[in-house]
Amino acid sequence: MQEAVLGVDIGGTGIKFGLVTRDGEILISDKVKTKGYPNPEKLPKDLFKWANKECTAFDLKLIGVGIGTPNGNYYTGTIDFAPNLPWTGVIPLKKYFEKIFSLPVALTNDAKAAAMGEMYYGAAEGMKDYLFITLGTGLGSGIVVDGKIVYGYDSLAGELGHTIVYRNGRECPCGRRGCLEQYVSAPGIVKTYYELLRNQNLDEFRTSLGNMIDSAEVYNKALEGDSISLEAFKKTGEILGFALANSVCYTRPEKIFLFGGLAQSGDLIFKPTIESFENYLLPIYKNKIPILPSGLKENEAAILGSASLIWNELK
Ligand SMILES: [Zn+2]
């Protein structure tokens with residue numbers, strides 16, 4: 001009988017889950033709406049029924065549950081004050097799952113789970129030191145040193161998205177100003193686009209406000225050669241390269257992987273990022289650290305990453 005792990009990815013709107021083999025094949029997956037679970041204790045009960053049914057159908061032996069979630073704390077197995085989830089306060093989700101499944105359960109922050117997925121099922125296979133950056137509505141990161149995710153003293157290490165790149169810069173929901181993710185993220189590049197538009201063409205800026213564009217449209221406009229969109233990508237890459245160059249001093253990764261919507265913009269984001277990165281790097285690191293696209297598929301990364309937590313604990 002083949003072994004499988006239940007990978008669970010918790011998001012603000014949806015909860016995705018699937019049965020993953022050791023080789024990283026998602027045999028079957030499904031999703032439910034997060035708001036359908038005002039009581040989080042119901043979630044493991046429903047997933048237990050689903051997993052049992054599918055394990056029988058696929059002749060699988062379930063060996064554990066890996067959970068990736070916003071504000072997940074690996075040490076305590078809790079979700080702590082997640083602003084985008086319907087659950088307030090501290091939720092002991094790992095405990096709820098252990099009670100129902102009676103199997104090993106691992107819970108961590110979603111970006112850290114995806115970072116582990118990169119080692120098991122992506123482009124970081126066999127690698128022990130790398131940096132994983134996910135660019136979405138925010139900037140998440142997972143720092144891997146000596147084959148392990150860096151959790152720090154209380155599991156909260158690795159918040160690269162909230163390193164300050166501009167003193168007194170853009171306001172961040174964390175309560176401070178100038179955080180990296182306010183510039184390098186889907187909403188960040190849109191803000192940069194509008195700043196540039198306002199500076200270069202005030203009339204167009206004014207008329208555009210009635211019908212604002214999103215990051216996908218900034219990308220499309222850049223492909224069409226729109227100078228302001230191209231400039232927005234350049235500026236975003238410059239800031240990311242600068243931040244990454246600083247981060248190298250702490251852990252000296254072998255490689256850096258970029259994942260998520262913005263990372264799929266190809267040269268538009270990679271070129272200015274790498275240029276700026278090399279420019280700001282300490283000379284001992286120059287031309288030694290490739291910045292590459294993640295090897296994980298966009299639609300599989302979350303479930304694979306969560307599942308890899310268990311394969312990693314049982315190795
Ligand atoms: Zn912040």
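Every read-out reported here was derived from the displayed coordinates using simple, explicitly stated rules and does not represent laboratory data. Treat the numbers as computed from the prediction; the structure is a model and nothing was measured. A quick note on method: Cβ atoms are made from the backbone with ideal geometry, for glycine too, and the neighbour counts reach across all protein chains shown.
So for V150, V105, V90, fewest C-beta neighbours within 10 Å to most, what's the order?
V90, V150, V105
Say each of Q264 and V90 gets a label point 7 Å from the Cα, pointing the same way as Cα to Cβ; how far apart are those two points in nm?
Going by the 7 Å Cα→Cβ label model, 3.8 nm.
What full-extension length gain, to one decimal in nm, is calculated for N199 and I63 as 0.36 nm per residue of separation minus the Cα-Cα distance?
Working: separation 136, 0.36 × 136 = 48.96 nm, distance 5.70 nm.
Extending this stretch completely gives an extra 43.3 nm.
Within the chain, what's the longest stretch lacking GluC sites (Glu not before Pro) that sit in DSSP loops with no more than 13 other Cβ atoms inside 10 Å?
On the way: sites that count: E125, E224, E298.
Between the exposed loop sites, the longest stretch runs 1-124.
If the chain between D214 and K148 were fully stretched, how many nm would it gain, using 0.36 nm times the residue separation less the Cα-Cα distance? Numbers along the way, then the final one.
Details: separation 66, 0.36 × 66 = 23.76 nm, distance 3.58 nm.
Gain on stretching D214 to K148: 20.2 nm.
Between A106, A115, A82, find the one with the highest GNM mean-square fluctuation for the chain; connect C-alpha pairs within less than 10 Å.
Taking springs between Cα atoms under 10 Å, the residue moving most is A82.
In the range 144-283, if the dipole is taken from +1 on Lys/Arg beta carbons and -1 on Asp/Glu beta carbons about the Cα centre, which of Y183, M212, L202 is farthest to the positive end?
Value: Y183.
Which of Y153, Y166, Y183 moves the most in a Gaussian network model of the chain with Cα springs under 10 Å?
Y153
Add -39500 (n - 2.57) for each DSSP H run of 4 or more in the chain, then divide by its residues: what number comes out at 222 nm, to the nearest 500 deg cm²/dmol?
On the way: 9 runs with 121 residues, N = 315.
Here the helix-only value at 222 nm equals -12500 deg cm²/dmol.
Run the quick spin-label model on L282 and K315: label points 7 Å from Cα toward the beta carbon, then report their separation in nm to one decimal.
So the two model labels end up 2.7 nm from each other.
What is the magnitude of the charge dipole of the range 79-232 about its Cα centre, with +1 placed on the Cβ of each Lys and Arg, -1 on the Cβ of each Asp and Glu, and no other charges, expressed in debye to the nearest 20?
Details: 14 positive and 19 negative charges, 111 e Å.
For this selection, approximately 540 debye.
Round to a whole angstrom and tell me the spacing of the C-alpha centers of the range 40-56 and the range 107-171.
Cα centres, the range 40-56 to the range 107-171: 29 Å.
Arrange S294, S208 by Cβ neighbour counts within 10 Å, fewest through most, would you? Could you put the intermediate results ahead of the total?
Working: S294 23, S208 15.
Exposure proxy ranking, most exposed first: S208, S294.
Between the range 221-236 and the range 252-311, how many Å separate their Cα centres?
21 Å
Could you tell me which residue out of L281, S308, G261 lies farthest along the dipole of the range 210-315 toward its positive end? Charges go on the beta carbon: Lys and Arg +1, Asp and Glu -1, centred on the Cα centre.
L281
For an R0 of 45 angstrom, estimate the FRET efficiency from the Cβ-Cβ distance between M127 and R206 and round to the nearest 0.05.
Values: r = 49 Å, r/R0 = 1.09.
So the FRET efficiency works out to roughly 0.35.
Sort C179, C249, C55 so the one with the fewest other Cβ atoms within 10 Å of its own Cβ comes first. Don't jump to the answer; show the numbers that get you there.
Numbers: C179 27, C249 11, C55 19.
If I rank by nearby Cβ atoms, fewest first, I get C249, C55, C179.
I'd like the Karplus ³J(HN,Hα) series for the range 179-190: coefficients 6.51, -1.76, 1.60, θ = phi - 60°, whole numbers in Hz, and an x wherever there's a Gly or Pro.
For the range 179-190, the Karplus curve yields 5, 3, 6, 6, 10, 10, 5, 4, x, x, 5, 5 Hz.
Among the chymotrypsin sites (Phe, Trp or Tyr not before Pro) in the range 1-71, which ones are in a DSSP loop with at most 16 other Cβ atoms within 10 Å of the Cβ? Mind listing them? Before the final figure, lay out each step's value.
Details: sites: F17, F48, W50, F58; in loops: none.
Qualifying residues, ordered by number: none.
Select from the range 77-152 those trypsin sites (Lys or Arg not before Pro) which occupy a DSSP coil region and have at most 16 other Cβ atoms within 10 Å, ordered by residue number.
Values: sites: K94, K95, K99, K112, K128, K148; in loops: K128.
Answer by residue number: K128.
How many nm separate the modelled label positions at Y166 and N246, each set 7 Å beyond the Cα in the direction of the Cβ?
1.4 nm
Test of understanding: in a Gaussian network model of the chain with alpha carbons linked when under 10 Å, which of N211, N39, N52 would top the mean-square fluctuation ranking?
N211
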